[in-house]
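Comments concern the structure below.
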Amino acid sequence: MKRIAALFMVMTFSLGSAVNIFAQNSAEIVMTIGSPVMTVNGNEQNIDDSNTSPVIIDNRTLLPIRALIEAFGGAVDFNSNDKTVTLTYNNNVIQLQINSTTAYVNETEKELDTAPVILNGRTMLPVRFIADNFGLSTSWDADTKTVTVSDNITENDNTVVTTKQGKLQGTYNDGVYRYLGVPYATAEEKFVQASPVEPWEGIRTAYEYGNISPQAAILGIGESDAGEGTDNNCQNLNIWTPAINDGEKRPVMVWLHGGGFSTGSANEEGYDGTELSKYGDVVVVGVNHRLNVFGHLDLTAYGEKYKNSDNIGMTDIVMALQWIHDNIAQFGGDPDNVTLFGQSGGGAKVLAMMTTPEASGLFHKGIVQSGATENMGVNFLSKDISLELGALTVEKLGLTEDTIDEIQDISNEEIMDASAEAQQEIAEKYSIPVSVGEGYALEWEPVIDGDFLPENPVTEDGFAAAGRNIPLLIGSNLNEWTHIMSSTAHPDMTDEQKSLYEAAYPNEDPDAAEYVDTLIRLPMLKIMSHKADQDGAPVYAYVFTKQVGDMGSYHGAEIPYIFRNTDDDPELTDTMSLIWVNFARYGTPSAEGLPEWEPYNRETGATMILDDQSSLVYNHDKELIASMAPDYDY
């Protein structure tokens, strides 16, 4: 069965009455486009007495919903007056309204991607939304044009997992169990250490993504958003695994999302771990945590209550890792083989975890994908600037040391506006250059406080002590931001530099030399070199050069290949995902067809070029870097 890709696959039912021909719950129902016959647990039945059959209209699959829901022992009610549909199944109630994208699940408001509509006397409803909220799984076979819907709760296929906090029920789709929005901690107050989750009675469902942190702009891109779906209490995980409760010890791959430390979430479609989990026989976990001002506003000068407020978003990640350590075995994972991997800001988060002693023993390998700039990843924010930023924000909010707790009652939007003003004033006061582009800017990031983060990831003579025994796979992309932000490109390259580029990357178009990245390549070189100098666990280096459309090997171009969420290049997808999986499993990156991957050190500069034709090279761009950044010391 191939995974259903359509986001707006829909179900239909007749507005008139239907015959309830099923007396008990069914485990699996199969319907075929154009056929009035459905299969219930292998037994053929007519869908209804009107020869209703599923159809495809405008690439949307329409299923007769009444027969389907009632086949599982549920109920369907249509109110013709206000045109609302009420679905009831397994003590859960979903209410939808024709032409409205607002739905209610157990009286909680939710947003639909596609509004229900009436077409030819039939009401079309979003099947994926309904299936997820009822704990049903769906799969689509494009060859036979059949849709399979299963309730997942059978003797051989039970999705209930017992954690230390209580029982969780997820969903099962295409060979992968999925648990979304799993709470690992609870943050009842802003800027304060989260608390462990209180145990619950009964079975808690994990069908939907949880809240994410309020979002803030980064590098002048995007806007602040503290609206629906965002919350300070956003400490939750998404888990994908091939099997549960089987005693196997699969590698655990924990994804830390990008967006600097200001924006993004683990809920993004491109971070769906289904295909990676299935292909690699690994447990994939995505982490949501506090970001921007809510993750890093320094209120440590205002009392013990706000200890670690400057790094509170990072303490969330540590709590997530502790939860994973305590519970992941029930999801088929090995708590003693956990790999952190992240891109951009997510890579910098990996570096932060390699720097804090608080995370020691909770993970065992790290992967940093384009994960640093000079002032975010190589170094983090100094404590003195952090304290000044916190004090100025408090002042702008009209608070004092005596009234600081009133910050809990101030709206998220107000806090974000005040802190953004304070950031810009501090940036201009100290002439802090923006990472990309021109001007001054101060971004949210971890703080070197001498305690939670005792030192920067890159030290004068090596690398943070806490990361000494953590093997590291690290690299960047050939073009990164150069096709996106012209200020990062090099239109004035000399002929000599163009020749050095051609020598460094002989398989690339020499006319595209000006788009070679140095913004991220330089700090990546510094990090890998200092980590190698530490003479601890090995470092493995790469440069991803695959040209993807007009933006080349852009910032984040490797992600779809690693997660296997692309049909662009199946062979490269297999190579990239297997490299990441094998590094997580064995601590050494490898894949079929690749040469043996030697560890990086300053002398050899061993680096794997990852592309349709991958190769191991030595100091391949050393002369190019020396020419383009002669004053850069790494």
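The values are calculated or read from the model by the stated rules, or taken from the named source; none is laboratory data. The model shown is predicted, which means the values in this text are computed figures rather than measured ones. Reconstructed Cβ throughout: ideal geometry from the backbone, glycine too, with neighbour counts over all protein chains shown. Remember, those area values only see protein heavy atoms, side chains included, never the ligands or the DNA or RNA. Shrake-Rupley method; radii C 1.70, N 1.55, O 1.52, S 1.80 Å.
Some notes on this structure:
- Put Arg290, Arg178 in order of accessible area, highest first, and with a 1.4 Å probe you get Arg178, Arg290.
- Partners of Lys249 within straight-line reach, counting lysines whose Cα lies under 21 Å from its Cα and excluding those fewer than 8 residues away in the same chain: Lys164, Lys167, Lys278, Lys365.
- A Förster radius of 45 Å, combined with the Cβ-Cβ distance separating Gln408 from Ser431, puts the computed FRET efficiency at roughly 0.85.
- Heavy-atom accessible area with a 1.4 Å probe sorts Trp481, Trp255, largest first, into Trp481, Trp255.
- Computed across the stretch 468-538, the Kirkwood radius stands at 13.7 Å (inverse of mean 1/r, all Cα pairs).
- Under the convention that each Lys and Arg Cβ holds +1 and each Asp and Glu Cβ holds -1, the size of the dipole of the stretch 550-619 around its Cα centre is about 400 debye.
- Calculated SAXS-style log₁₀ I(q)/I(0) at q = 0.05, 0.06 Å⁻¹ - the chain, Debye, Cα scatterers: -0.25, -0.36
- Computed from the C-beta positions of Asp550 and Ile118 and an R0 of 45 Å, the FRET efficiency is 0.60 to the nearest 0.05.
- The length gained by stretching the chain between Glu598 and Gln193 to full extension, at 0.36 nm per residue less their Cα-Cα distance, is 141.6 nm.
- Three-way shape call for the stretch 425-506 based on the alpha-carbon gyration tensor, with the a/c threshold at 1.5: oblate
- A crude spin-label estimate for the pair Tyr586 and Ser499, with each label 7 Å from Cα along the Cβ direction, gives 4.2 nm.
- Simple Cβ-charge dipole of the chain, Lys/Arg +1 and Asp/Glu -1, about Cα centre, in debye nearest 20: 1940
- In the chain, a dipole from Cβ-located charges (positive for Lys and Arg, negative for Asp and Glu) runs towards its positive end, and of Tyr207, Val252, Ser627 it is Tyr207 whose Cα lies farthest in that direction.
- Under 13 Å, Cβ to Cβ, from Asp511 - net charge with Lys/Arg +1 and Asp/Glu -1: -4
- Gained length - Asp612 relative to Arg468, 0.36 nm times residue gap less alpha-carbon distance: 48.5 nm
- For the stretch 252-371, taking the reciprocal of the average inverse distance between every pair of different Cα atoms yields a Kirkwood hydrodynamic radius of 14.7 Å.
- Rounded FRET efficiency, nearest 0.05, which uses the C-beta distance separating Met485 from Asp511 and R0 of 22 Å: 0.65
- Electrostatic dipole magnitude of the stretch 224-362 [Cβ: Lys, Arg +1; Asp, Glu -1; Cα centre; debye, to 20]: 260
- Solvent-accessible ranking of Lys167, Lys190, Lys396, Lys531, largest area first, probe 1.4 Å: Lys167, Lys396, Lys190, Lys531
- Straightening the chain between Asp567 and Asn106 buys 162.2 nm, computed as 0.36 nm per residue apart minus the Cα-Cα spacing.
- Met485 exposes around 40 Å² of accessible area when a 1.4 Å probe is run over every protein chain in place.
- Summarising the label geometry, the points placed 7 Å from Cα in the beta-carbon direction at Thr144 and Asn79 lie 4.0 nm from one another.
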